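Data block below; observations after.
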Amino acid sequence: MRAVLAGGLVFGVGAAATLASWTDQEVATATITAGTFAIESRTNLGAFEDSPHTPALTLPLGATGLYPGEKRAAWIQIQNKGSVPGTVSLSGVTVVGADNVSAPTGNSANLQNVLKVGVAVTTTTNGAVAPSCTTATPTTSVATGATVVPAPVATGALAANRGNIVSFCVVVEFPVTAGNNTQGGDVRPTWTFTATTPTT
């Protein structure tokens with residue numbers, strides 16, 4: 001019995017000898033905010049408008065009553081009002097008929113099948129001057145007939161805080177080889193420009 005009690009006393013002494021630990025801390029904090037990225041556009045030298053537009057801005061091609069061999073050109077300018085830089089490209093072209101909904105049919109489809117469309121991009125920092133855009137402007141083909149070149153096409157760099165303007169020149173050609181079956185055709189293309197922030 002004495003041996004058992006002695007063992008118990010030794011165990012109790014060991015438990016009482018556990019050391020305490022001290023701690024100390026330093027703390028830090030920070031403010032984290034997200035930047036902004038938003039483009040706006042115009043097709044004349046007036047004020048820029050927010051994108052997207054409903055309805056879409058009208059590209060002033062003046063392309064009514066065309067006959068074979070004619071070309072038309074018009075420009076659109078895009079800038080970035082956000083705090084994060086990026087790029088902007090022509091990302092898609094869709095075409096509808098005179099009803100603004102359905103795909104072209106009949107002579108309108110024939111017209112779509114022969115039209116040639118090209119686009120060029122230039123970057124300017126002067127918002128008060130119209131960009132150079134004529135039917136002679138060298139362009140990258142984005143559509144020959146109903147075949148649309150995969151986008152994106154014609155990319156320009158967008159500075160933050162309206163630091164620059166990217167100007168796109170669109171040229172449409174009604175080729176001299178267009179047949180009689182294009183007469184009276186009516187197509188309504190829509191060009192979509194997509195801006196993207198850089199990735200890391």
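The values are calculated or read from the model by the stated rules, or taken from the named source; none is laboratory data. Since this is a predicted model, take the numbers as computed values, not measurements. Cβ: placed from backbone, ideal geometry, glycine included. Neighbour counts: every protein chain shown. Heads up: the accessible areas ignore ligands, DNA and RNA and are worked out on the full protein's heavy atoms, side chains in. Shrake-Rupley method; radii C 1.70, N 1.55, O 1.52, S 1.80 Å.
Miscellaneous remarks
- Segment Lys81..Thr36, full-extension length gain: 15.4 nm, with 0.36 nm per residue of separation and the alpha-carbon distance subtracted.
- In the chain, helices alone account for a calculated mean residue ellipticity at 222 nm of -3500 deg cm²/dmol, with every DSSP H run of four or more residues adding -39,500 (n - 2.57).
- Each residue of the range 68-80 was assigned a 3J(HN,Hα) from its phi angle through the Karplus curve 6.51 cos²θ - 1.76 cosθ + 1.60 (θ = phi - 60°); the sequence is x, x, 8, 10, 9, 9, 7, 10, 9, 10, 10, 9, 10 Hz, with glycine and proline shown as x.
- Rh (Kirkwood; distinct C-alpha pairs) - the range 85-193, Å: 15.2
- Cα-centred dipole magnitude for the chain, charges only on beta-carbon of K, R (+1) and D, E (-1), debye, nearest 20: 180
- Charge tally in the Cβ shell below 11 Å around Gly82, where Lys, Arg are +1 and Asp, Glu are -1, Gly82 excluded: +1
- Note on the chain: with neighbouring protein chains present and a 1.4 Å probe, carbon and sulfur make up 57 percent of its accessible heavy-atom surface.
- Mean-position separation - Cα centroids, the range 149-200 and the range 76-127, in angstrom: 3
- Correct option for Kirkwood radius over Cα pairs in Å [calculated from the coordinates] among (i) 17.6; (ii) 16.8; (iii) 20.8: (iii)
- The mean sequence separation of alpha-carbon pairs under 8 Å and at least six residues apart, normalised by the residue count of the chain, gives a relative contact order of 29 percent.
- Listed residues Trp191, Ala47, Asn110: farthest to the positive end of the dipole of the range 47-200 (Cβ charges): Ala47
- Degrees, to the nearest 10: 2-16 long Cα axis against longest axis of the chain: 40
- Gain on full stretching of the segment that runs from Thr192 to Thr124 - 0.36 nm per residue minus C-alpha separation: 22.4 nm
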